[in-house]
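The block underneath contains the structure these notes are about, expressed in structure tokens.
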Amino acid sequence: MTAPRGPQPFPGQEKRLRLLAFVRQDSVVRVDKRVEDTAMVWPHLLVIEFIAAMLWSIGLFAISAAFNAPLQDHANPDCTPNPSKAPWYLLNLQELLLHMDKGLAGVVVPTIWLVFMAAIPYIDRSREGVGIWFTSRNGLRITIFAAFYATLLTFSLILVDAFLKAHGYIEFASDHFPGGKQLLPNYLIPIAVMLGLSFLLVVIVKRLYGANTREWNIAVFTGFISVYLVLTIVGTSFRGPGMDLFAPWAVPATHQCFEPRT
Amino acid sequence: MLEIPAQIWQKTKTSYIWRSLFRHGYPDSRKNQSLAVFTNVFLHLHPVKVRRHALAIPYTWCMGGLSFFLFLILTLTGTLLMFYYHPSVDGVYNAYGDIKDLETVVVFGQLLRNMHRWAAHGMVITVFLHMIRVFYTGSYKPPREFNWVIGTLLFFFTILLSYTGYLLPWDQLAFWAVTVGYEIARASPFIGDEFAFVLFGGYQLGPNALLRWYVLHVVGLPLTVGFLIAIHFWRIRKDGGITGPL
């Protein structure tokens, strides 16, 4: 005679239930959901995952077969390419470096940016609009407005900076500004501009669109993302030798070995 | 004619060894489909059932999953690349020479390197897009607050992984791109020089920097990212899967 498989209940305890897990109502897919709202992971989700993985594998093979990863000459500390650029995903920071103090642009601003990003769920604690793109039509309008606001302002600021520098701004600041070119142009003015324009954006969306917490967070996030993209694009495609501004189709080739003037 | 393979298949499926490997029948019934997911170590990250809207590609863009997929590809191609790579700036076996060998000597070496390179760029993009999707769908809201924090860390570490890898070919592109980072690190307020010294192993970009970034790239950062991914996925499950309208 074969014994039934699995652990056997003790005599008299055949109907004993076990507590498997403690589950909060809001954190788990509800048990009383209707059957038609759910799909079996095998096969429905796994098929999607499999197809996505296959398409990306094929795409990656195709790209890798068509385009070779760049490889230049052996590294030479005595030979500076002009311009020397970071990889594209860091060119946003390198672009920012041109407009303010290095430590501010390269370390302080990105750190504050990351901390703010991480803090978003602790600022906007409402559960409104979970799972809905842009929360509402108003959210979408705010997203579009903030994207235009930040894109236009960032491009303008880059142009204004280029214009001022072309007209002797640095020399003028060194001679006439308190603290020379360091205090105001490298620290206080950029900080004031970054903070001021961010606050202005929040004020505008509150006034114009009656934004609540979620919505002004959308505005600030969209603004950040837009600035990030604009800086990346300008740093990648608009900067040539000397990190000067060029039209993307007229950027001169990089000077591979720049002899520093002594 | 087909009876023999059918019999072999039947014998295999009922054999002792097969049943020790697979603890369920072919997943064509609800019961076996459930068992297939939760008795499999690779699939058990999934629940047995998901809400239908979680399958909608316009909602998720698949970007989180594809980021993980690229991470796996990068781990695989990266491990293969490690067989051919010496983190050294000169000598008979040096980093630059190894990359040249990959391009000219190693069979499929160029393809391997290309795949690693483009997947790395791709992962920066997919992680970024994933973050955008999560933000605009409000998926950071309770109870997922802390998972969003882990996500921002993962974004940061993805960039760091990509950047540390950028130095390894030790060509002009790598050297001067990382010089930009070196200058930024040195400009950090208060601890600039010390920070740069720890990160680059010296006061200029040289053999120590290459070795440090290599170790970070192949051990330190992947382990960190793997650890964070594990928490990230675990919390997604515990918080009820992909978000959807309440």
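Here are a few things to note about the model shown:
- The residues of the stretch B:71-120 that are surrounded by fewer than 18 Cβ atoms within 10 Å (Cβ to Cβ) and acidic (Asp, Glu), listed by number, are B:Asp90, B:Asp101, B:Glu103.
- Residue under evaluation A:Ala39, criteria (1) in a loop (DSSP other than H, G, I, E, B); (2) at pLDDT below 90; (3) at the interface with chain B (Cβ under 9 Å from one of its Cβ atoms), criterion not met: (1)
- Filter result for the condition that a residue is in the same structural domain as A:Ile144 (by TED's automatic domain parsing) and either without any contact (Cβ under 8 Å) to a residue 40 or more places away in the chain or of a type in the set (D, E, K, R) (or both), over A:Leu245, A:Leu200: A:Leu200
- The set of residues from the stretch B:112-139 being within 16 Å of the chain's Cα centre (by Cα) and among the polar types (S, T, N, Q) comprises just one member, B:Thr126.
- A Cβ distance below 7 Å, combined with a sequence gap of six or more or placement on separate chains, defines the contacts here; from the stretch A:221-235, residues that are under 21 Å from A:Pro248 (Cα atoms) reach residues that are charged (D, E, K, R) and part of a helix (DSSP H, G or I) in the pairs A:Leu231/A:Glu95; A:Val234/A:Glu95; A:Gly235/A:Glu95.
- Taking the stretch B:132-246 as the region of interest, the helices (runs of 4 or more DSSP H) fully inside it that hold 2 or more residues being polar (S, T, N, Q) and within 9 Å of chain A (Cβ to nearest Cβ) are B:145-167, B:172-186.
- Selected residue [in contact with a Phe, Trp or Tyr (Cβ under 9 Å, 6 or more places away or on another chain), farther than 24 Å from A:Tyr89 by Cα and either among the aliphatic types (A, V, I, L, M) or surrounded by fewer than 18 Cβ atoms within 10 Å (Cβ to Cβ) (or both)] from A:Val230, A:Val202: A:Val202
- Residue satisfying all of: in the stretch A:134-168; aromatic (Phe, Trp, Tyr) and surrounded by fewer than 16 Cβ atoms within 10 Å (Cβ to Cβ); nearest to the other protein chains (Cβ to nearest Cβ) among these: A:Phe148
- In the stretch A:108-133, the residues that are within 7 Å of another protein chain (Cβ to nearest Cβ), within 18 Å of B:Lys141 (Cα to Cα) and buried (at least 16 other Cβ atoms within 10 Å of the Cβ): A:Met117, A:Ala118, A:Ile120, A:Pro121, A:Gly129, A:Val130, A:Gly131, A:Ile132
- Among the candidates A:Ala119, A:Ala162, A:Ala173, the residue that is assigned by TED's automatic domain parsing to the domain that holds A:Leu197, within 18 Å of the chain's Cα centre (by Cα), of a type in the set (A, V, I, L, M) and part of a helix (DSSP H, G or I) is uniquely A:Ala119.
- Against the criterion of being hydroxyl-bearing (Ser, Thr, Tyr), without any contact (Cβ under 8 Å) to a residue 60 or more places away in the chain and either more than 8 Å from chain A (Cβ to nearest Cβ) or over 21 Å from B:Val225 (Cβ atoms) (or both), B:Thr77 qualifies.
The values are calculated or read from the model by the stated rules, or taken from the named source; none is laboratory data. Since this is a predicted model, take the numbers as computed values, not measurements. Neighbour counts run over all protein chains shown; Cβ positions are idealised from the backbone, glycine included.
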